[in-house]
Amino acid sequence: MKIEIWSDIRCPFCYIGKTKFEKALAQFEHKDKVTVIWRAFQLDPEAVTDTTISAAESMANRKGISVEESERMHDHATAIAKDAGLDFHFEKAIPANSFRAHQLSAFAKTKGVQNEVEGALFSAYFTEGKNIDAIPELIAIGTRFGLPASDIQNVYDNGLFAEEVKADQEQAYEYGINSVPYFVLNNKYAVKGAQPAEHFLETLQGVFEEENQF
């Protein structure tokens, strides 16, 4: 079973959705038959990395709302994340364009460590306050999972995997995806949003049974 997940590193509900999905996958009897592929979807492709303002200020500027309203939205996401076992620290988050992070994820896919790198990127942004647009930070993340620093540097020096990132986004538009996370199972079943683990598990079981009828 192939599961493609359109997601953005800067999307709190993508991290929450990843956590809930993985809880379901761990309980799925046929998890050894599942291949997970992460697809890039930038919620704000034009975002400018800015280390001088807070994530709340960045959101306020982008959405045309007050900083206080941004903070309330962050508090809401933090509470939901806590229920999923995650520890968000928006006060430390650095507003950053996520394109380079998606390039790293695409490279990691070719080496069989994409899921691990995705998790580390989410943690870097939402928990650790790392700049996910800074190449040294991305190299530090990648090398933790066996990706050579020189190979990661080469990705950025030569724009490798940029076309793959753009292609993921274009494919999402073709599917009519306008919000993430968005899960596509075997190219024809979809789950939208950070659903409860129970819902993911029921979907996995249902799709497997339907696809394996004799």
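The values are calculated or read from the model by the stated rules, or taken from the named source; none is laboratory data. Computed from a prediction, not measured in an experiment: that's the story for all the values here. Glycine gets a Cβ as well: all are built from the backbone with ideal geometry, and neighbour counts include every protein chain shown.
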How about region 116-130: which of its residues are closer than 18 Å to Ala40 by Cα and polar (S, T, N, Q)?
Ser123
List pairs: first in region 80-103 and touching a residue at least 24 places away in the same chain (Cβ under 8 Å) and on the phi > 0 side of the Ramachandran plot, second surrounded by fewer than 22 Cβ atoms within 10 Å (Cβ to Cβ) and part of a helix (DSSP H, G or I), Cβ under 9 Å, 6+ apart or cross-chain?
Gly85/Thr19; Gly85/Lys23
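Could you tell me whether any residue of region 193-204 is more than 25 Å from Ala84 (Cβ to Cβ) and out of contact with any Cys (no Cβ under 7 Å at 6 or more places or on another chain)? It would help to see each step written out before you state the result.
Applying the first criterion (more than 25 Å from Ala84 (Cβ to Cβ)) to region 193-204 yields none.
No, every residue in region 193-204 fails to be more than 25 Å from Ala84 (Cβ to Cβ) and out of contact with any Cys (no Cβ under 7 Å at 6 or more places or on another chain).
Which residue out of Ala106, Ala140 is closer than 23 Å to Thr19 by Cβ and either modelled with pLDDT under 95 or crowded, with 18+ Cβ neighbours inside 10 Å (or both)?
Numbers: Ala140 fails: either modelled with pLDDT under 95 or crowded, with 18+ Cβ neighbours inside 10 Å (or both).
After ruling out the rest, the residue left standing is Ala106.
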What is the one condition in (1) among the small types (Gly, Ala, Ser); (2) outside any helix (DSSP H, G or I); (3) buried (at least 19 other Cβ atoms within 10 Å of the Cβ) that Ala101 does not satisfy?
(2)
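Would you point out which residue out of Pro95, Pro45 is farther than 14 Å from Thr127 by Cα and under 18 Å from the mean Cα position of the chain (by Cα)?
Numbers: Pro95 fails: farther than 14 Å from Thr127 by Cα.
That would be Pro45, the only listed residue that is farther than 14 Å from Thr127 by Cα and under 18 Å from the mean Cα position of the chain (by Cα).
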Taking the criterion of being touching a strand residue (DSSP E or B) at 6+ places or on another chain (Cβ under 6 Å) and more than 30 Å from Thr78 (Cβ to Cβ), would at least one residue in region 196-209 satisfy it?
yes
Could you run through region 37-65 and say how many residues are surrounded by 14 or more Cβ atoms within 10 Å (Cβ to Cβ) and part of a helix (DSSP H, G or I)?
8
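Of everything in region 1-36, what is over 11 Å from the mean Cα position of the chain (by Cα) and assigned to a strand (DSSP E or B)? Give them in sequence order.
Within region 1-36, Lys2, Ile3, Glu4, Thr35, Val36 qualify.
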Give the residue that is surrounded by the most Cβ atoms within 10 Å (Cβ to Cβ), with candidates limited to residues of region 109-137 that are touching a helix residue (DSSP H, G or I) at 6+ places or on another chain (Cβ under 7 Å) and hydrophobic (A, V, I, L, M, F, W, C).
Phe126
List the pairs whose first member sits in region 125-141 and is basic (Lys, Arg), whose second member is in a helix (DSSP H, G or I) and surrounded by fewer than 17 Cβ atoms within 10 Å (Cβ to Cβ), and whose Cβ atoms are under 7 Å apart, counting only residues at least 6 apart or on separate chains?
none
Within region 198-214, considering residues that are among the hydrophobic types (A, V, I, L, M, F, W, C) and more than 17 Å from Ser7 (Cβ to Cβ), the one surrounded by the most Cβ atoms within 10 Å (Cβ to Cβ):
Leu204
How many residues does region 176-189 contain that are surrounded by fewer than 16 Cβ atoms within 10 Å (Cβ to Cβ) and farther than 17 Å from Cys11 by Cβ?
4
